[in-house]
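S.K.: A single structure is presented below for examination.
Here, each number is a calculation from the coordinates, and none is a lab measurement. Computed from a predicted model, the values in this text were never measured in an experiment. Backbone-built Cβ (ideal geometry, glycine too); neighbour counts: all protein chains shown.
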Amino acid sequence: MVKKVAILANGGDVSGFNAVIRAIVKTAEHHGVECYGFIDGYRGLLKNDYIRLSSADTASGILQKGGSIISSSTNANVFHYKVIEDGKEVYKDLSEQCVQNVKDDGFDCVFTLGGDSTQKSARDFSLRGINVIGVPKTIDNDVACTDITFGYNTAVSVATEALDRLHSTAETHHRIMVLEVMGREAGWIALESGIAGGADVILIPEIPYDIEKAAETIRQRQKIGKNFSIVVVSEGAFPKGGSISVVGERNNGKGVINVKLGGAGEKVARDLEKLTGLEARCTVLGYMQRGGTPTSFDRVLSTKYGAKAMELAIEGKFNVLTVLQNGKLGCVSLEDVVGNNKEIGAVQGGTAESNVRVVTMDHDLVKTARSIGINLGD
């Protein structure tokens, strides 16, 4: 029987982390289960740094809070972890230390709150005898096998509000206003916020764009007296025959994303200005999408995910991801989530082997955008 569990939050922060933690804790207490939280995600698991979580104190009053009360790490691949030996940086597989920590601490299950990379590591730990249950997190909404991730709705809401505000400036000054939103491999945020915010052009990673097609839509608007336009661009969008916009690289080792994206929106703004004659301005929403108070939708979704995850643990259903499919809560094997990304320690998403959920051309959002005349760059 499950008597003692731990939670870790990993990857970029999102609104809803704390709501999931709260739901797991409250459900655990209802079943007489002790609950703990590792600090700083997988890094805390490696350092065996954890705290007791209780709805009476540490996990109280956190439903509406953004971020994570147990923090999170974005670059801790414990299967290929950077250490200093003899003054030099070397990378080592320290996952066995993590396994030993879980065993020594007596945790019957570890809940992994995170996206594609986090759940890949969770699958790898499951192969080494650790009971894990994943909860799908990411504002990009790109975790496989589930219809929606927690944090996504809040990000879309923030982006939509930004578009509402940009509309007034665009119309007043007869400009093209470009909003760059997050979405490295998947264009869900751009697509949904663009539809909600009345965008004229939406450019996403799944459709390499023809800038001339986008410009033609704007010129057609000019012909009917609309001397302004709204364009939404995913950070991972790129032109036909071109490549994604990169601002730099970091060296955090194998298995994590080291390429830093940036500049996609600015490039589109400059190109459209030349092609249409209208002034263009770019706003990069950045981390505004990830932080702050979660929407009511995300609070409820996160609570449902957390409660379901703990219920799965009570039932002894481990090594799965809690999912929402066709409106119903359930779970799928982490092997299904991983897809063909089978190499131990290879956690980076967005590769040919990873199972990232991207926008498909037959999705209702794509069909709706086309039906109401939004240009998708093709």
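S.K.: Angle, helix 296-314 long axis vs. longest principal axis of the chain, Cα atoms, 0 to 90°, nearest 10?
M.R.: So the inclination is approximately 30 degrees.
S.K.: After finding the eigenvalues of the alpha carbon gyration tensor for segment 221-375, what semi-axes result from the square roots of 5 times each, listed largest first in whole Å?
M.R.: Semi-axes, largest first: 37, 23, 16 Å.
S.K.: Quick one: net charge of VAL143's neighbours, Cβ under 12 Å, K/R +1, D/E -1?
M.R.: Every neighbour counted, the sum reads -3.
S.K.: Starting at the first residue of segment 210-217, write each ³J(HN,Hα) from the Karplus equation 6.51 cos²θ - 1.76 cosθ + 1.60 with θ = phi - 60°, in whole Hz, x for Gly and Pro.
M.R.: So the J values, rounded to whole Hz, are 9, 4, 5, 5, 5, 5, 5, 4.
S.K.: Just want to confirm a number: the relative contact order over the chain, from Cα pairs under 8 angstrom separated by 6+ residues, in percent.
M.R.: 23
S.K.: So, one more: How large is the Rg to Rh ratio of segment 183-227 when both quantities use alpha carbon positions and Rh follows Kirkwood?
M.R.: 1.03
S.K.: Could you give the angle, 0 to 90 degrees to the nearest 10, between helix 152-173's Cα long axis and the longest principal axis of the Cα atoms of the chain?
M.R.: 20
S.K.: Next question. Which peptide among 175-186, 261-272 comes first, and what is the full order, when sorted by highest mean count of other Cβ atoms within 10 Å?
M.R.: The packing order, highest mean first, is 175-186, 261-272.
S.K.: In the neighborhood of LEU166, defined by Cβ-to-Cβ distances under 13 Å, what is the net charge if each Lys or Arg adds +1 and each Asp or Glu adds -1?
M.R.: Surrounding charge for LEU166 is -2.
S.K.: Over segment 26-126, what lengths in whole Å, largest first, do the semi-axes of the equivalent ellipsoid take, defined as the square roots of 5 times the eigenvalues of the alpha-carbon gyration tensor?
M.R.: After scaling each eigenvalue by five and taking roots: 27, 15, 13 Å.
S.K.: Relative contact order for segment 53-172: what is it in percent, counting Cα pairs under 8 Å that are at least 6 residues apart?
M.R.: About 13 percent, as a whole number.
S.K.: Remind me, relative contact order of segment 3-60 in percent, using alpha carbon pairs under 8 angstrom and six or more residues apart?
M.R.: Once divided by the residue count of segment 3-60, the mean separation gives 39 percent.
S.K.: Let me ask you something else. If you line up the long axis of helix 116-126 against the longest principal axis of the chain, both from Cα atoms, how many degrees apart are they, to the nearest 10?
M.R.: Tilt relative to the chain: about 20 degrees.
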